[in-house]
Amino acid sequence: MAKPTLVLLHGVGLDHTMWEPVAGQLADRFTVITPDLPGHGSRPPAPQGVTLADLADGVADLIPPGSHLVGFSLGALVVQHLALAEPELADTLTFVSSVCRRTREERDAVLDRLATARADVGASTDASLKRWYEGTDVAPALVDRTEKVLRANDAESFLRCYEVFATADAELAPRLGGIEQPSLAVTGADDPGSTPEMTHRLAGALPDCRAVVVPGARHMLPVQRPRALVAALTTFIGERAHV
């Protein structure tokens, strides 16, 4: 019997390699696909005016119908778009460290980070690494890998995609009730950007979604607490899809 397909979509400024701590624990149960989003990794730079729909269209052809879709941060917004635009692609949905219906204060905070990146992308990278990893027990080699991926980005492409991340939740907000697939929203208890409150907000906005908050984890949950994420993910899929 063929293994079910699990598709993992990364966050803004990152690439498929962020999933390695998770993918290795899932390969025995799933066929794991980890594409790079448009404008990231090995893909050409994102054009001026790139939209959430463009990012979703750029990976849709790589996703077999009936897959289990997992998105991290920007990737979670891409998964939400795909669930609405091409629902046949997804059997279940998992949103990792996802924003949802940002308040005015939350939107101002992310737009301030975008402005910092536009003024000095290197300083933005420094701030992200500090926010994600400072004081954690993540191995220095993994932190270094994240840093190398962030610093290798085409700056204009990164900024265009970051603007999508900063604004697309408002575009999705009135449509979330139309997402019918069984869903899981999971974040770290100490994530200052994709907060536990946002995770509960997302779970409450969808017809069939549970929320899980991982203690002691920040934004880079798949890197910092991969075992906890795998446990939540496999429990959810096992219960809802009988894998």
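At a glance:
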| quantity | calculated |
| --- | --- |
| Cα gyration tensor shape of the range 111-243, rounded if a/c is under 1.5, else prolate or oblate by comparing a/b with b/c | oblate |
| Relative contact order (percent, whole number), the range 39-186, Cα cutoff 8 Å, 6+ residue spacing | 37 percent |
| Dipole of the chain [Lys/Arg +1, Asp/Glu -1 at C-beta], most positive-end residue of Ala90, Leu111, Thr234 | Thr234 |
| Net charge, His10 excluded, C-beta distance under 12 Å - Lys, Arg +1, Asp, Glu -1 | -2 |
| Gained length - His200 relative to Glu171, 0.36 nm times residue gap less alpha-carbon distance | 8.6 nm |
| Extension gain (nm, one decimal) between Asp61 and Arg104, 0.36 nm per residue minus Cα-Cα | 12.0 nm |
| Ala231 paired with Asp137, simple spin-label distance in nm, labels 7 Å along Cα-to-beta-carbon | 1.3 nm |
| Accessible area in square angstrom per residue, the chain, 1.4 angstrom probe | 42 Å² |
| Rounded Å value of the spacing that divides the Cα centres of the range 110-142 and the range 12-83 | 21 Å |
| Over the chain: helical MRE at 222 nm, DSSP H runs n ≥ 4 each giving -39500 (n - 2.57), nearest 500 | -15000 deg cm²/dmol |
| Computed FRET value (nearest 0.05) for Leu111 with Leu84, which takes r as the C-beta separation and R₀ as 25 Å | 0.50 |
| Peptides 198-210, 100-112, 24-36 ordered by average Cβ neighbours within 10 Å, highest first | 198-210, 24-36, 100-112 |
| Extension gain (nm, one decimal) between Asp144 and Gln48, 0.36 nm per residue minus Cα-Cα | 31.6 nm |
| Residue-count net charge about Thr187 - beta-carbon cut-off 15 Å; Lys, Arg +1, Asp, Glu -1 | +2 |
| Distance histogram in 5 Å bins (all Cα pairs of the range 62-155, percent per bin) | 3, 11, 15, 17, 18, 16, 13, 6, 0 |
| Check: the range 1-118 dipole with +1 on Lys, Arg Cβ and -1 on Asp, Glu Cβ, in debye | 260 debye |
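The values are calculated or read from the model by the stated rules, or taken from the named source; none is laboratory data. As the structure is a prediction and not an experimental result, all values here were calculated from the model. Heads up, the Cβs are rebuilt from the backbone with ideal geometry, glycines too, and the neighbour counts pull from every protein chain shown. For the accessible areas, the whole protein counts, side chains as well, though only heavy atoms, and no ligand, DNA or RNA atoms are used. Shrake-Rupley method; radii C 1.70, N 1.55, O 1.52, S 1.80 Å.
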